[in-house]
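For reference, the structure is listed below as structure tokens.
Just so you know, all these numbers are worked out from the coordinates, no wet-lab data involved. Every value quoted in this text rests on a predicted model; they were computed, and no experiment measured them. With ideal geometry, Cβ positions are generated from the backbone for all residues, glycine too; neighbour counts draw on all protein chains shown.
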Amino acid sequence: MLLAIDTSAGTSVAVVDGGRVLAEAAEPGTRRHAEAIGTLLRAALDDAGIEPREVEAVVAGMGPGPFTGLRVGIAAARAFAFGVGVPVHPIVSHDAIAYGHEERVLVVTDARRREVAWSLYDAGVMRLEGPELCVRDGFDAITSRHPGVPVLDPPTMSAASLALVAELLLASGRPLGPAEPLYLRAPDVTMPGVPR
């Protein structure tokens, strides 16, 4: 039984068990992660009809995404996992978008500031390139390098798909995502004397 949390685009929480999505709760807003995460966690667990102690691992969406949004989701995933004594499985958030697509696809997500983050996939979650950041106007150069490849540009991320990717990677023995978040850029504000 996996609990998945992704805050790379909106806030999404899901419970998945053996390929079945038991519950998913989401808030599409991109500026209310901290306010929404606790409510969504409780809603997903309640809808799935499970107690926190029944969760066997927590899946954390590692981005790419904005600094503040990602921090909220990853911190919540790590805190929940620590509280119930289970591992955290990091997964690249773009993998959740590519999941279920057997053809080659380009995944692109809004990075704000007239930029996008993109990744190239083949056969589901086989990432060939990315995630990388580019100016929105420059994305045409990426698509021209991959003519005819469909572009997936969802407005939100699904924690359920993230958990299904984790099940697939764990079952096949393939590596999971990075241990560190894939921030799109450094935070706008830092402590005095701390390099950016």
Exercise. State which residue is nearest to the chain's Cα centre (by Cα) when the search covers only segment 125-150 and only residues that are under 19 Å from Arg113 (Cα atoms) and aliphatic (A, V, I, L, M).
Key: Leu133
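Here is a yes/no grid of residues against (1) assigned to a helix (DSSP H, G or I); (2) out of contact with any helix residue (DSSP H, G or I) (no Cβ under 9 Å at 6 or more places or on another chain); (3) within 26 Å of Leu3 (Cα to Cα):
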residue: Ala96; (1), (2), (3): yes, no, yes
residue: Tyr121; (1), (2), (3): no, no, yes
residue: Pro131; (1), (2), (3): no, no, yes
residue: Asp137; (1), (2), (3): yes, yes, no
residue: Ala141; (1), (2), (3): yes, yes, no
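Let me confirm something: among Gly148, Gly63, which residue is surrounded by 14 or more Cβ atoms within 10 Å (Cβ to Cβ), on the phi > 0 side of the Ramachandran plot and small (Gly, Ala, Ser)?
Answer to the selection: Gly63.
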Quiz item: So, of the residues in segment 72-131 that are of a type in the set (Gly, Ala, Ser) and touching a Cys at 6+ places or on another chain (Cβ under 9 Å), which turns out to be nearest to Leu152 (Cα to Cα)?
Solution: Ala117
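Can you confirm whether Glu51 is free of Cβ contacts under 8 Å to residues at least 24 places away in the same chain and exposed (fewer than 15 other Cβ atoms within 10 Å of the Cβ)?
It is true that Glu51 is free of Cβ contacts under 8 Å to residues at least 24 places away in the same chain and exposed (fewer than 15 other Cβ atoms within 10 Å of the Cβ).
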Exercise. Of all residues in segment 1-40, count the ones that are buried (at least 24 other Cβ atoms within 10 Å of the Cβ) and either of a type in the set (Asp, Glu) or free of Cβ contacts under 8 Å to residues at least 24 places away in the same chain (or both).
Key: 1
Practice problem: Considering (1) within 26 Å of Leu168 (Cα to Cα); (2) surrounded by 14 or more Cβ atoms within 10 Å (Cβ to Cβ), say which one Phe139 fails and leave the rest. | Solution: (1)
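Can you work out which of the residues in segment 73-112 that are of a type in the set (Lys, Arg) and touching a residue at least 24 places away in the same chain (Cβ under 8 Å) is surrounded by the most Cβ atoms within 10 Å (Cβ to Cβ)?
Top of the filtered list is Arg104.
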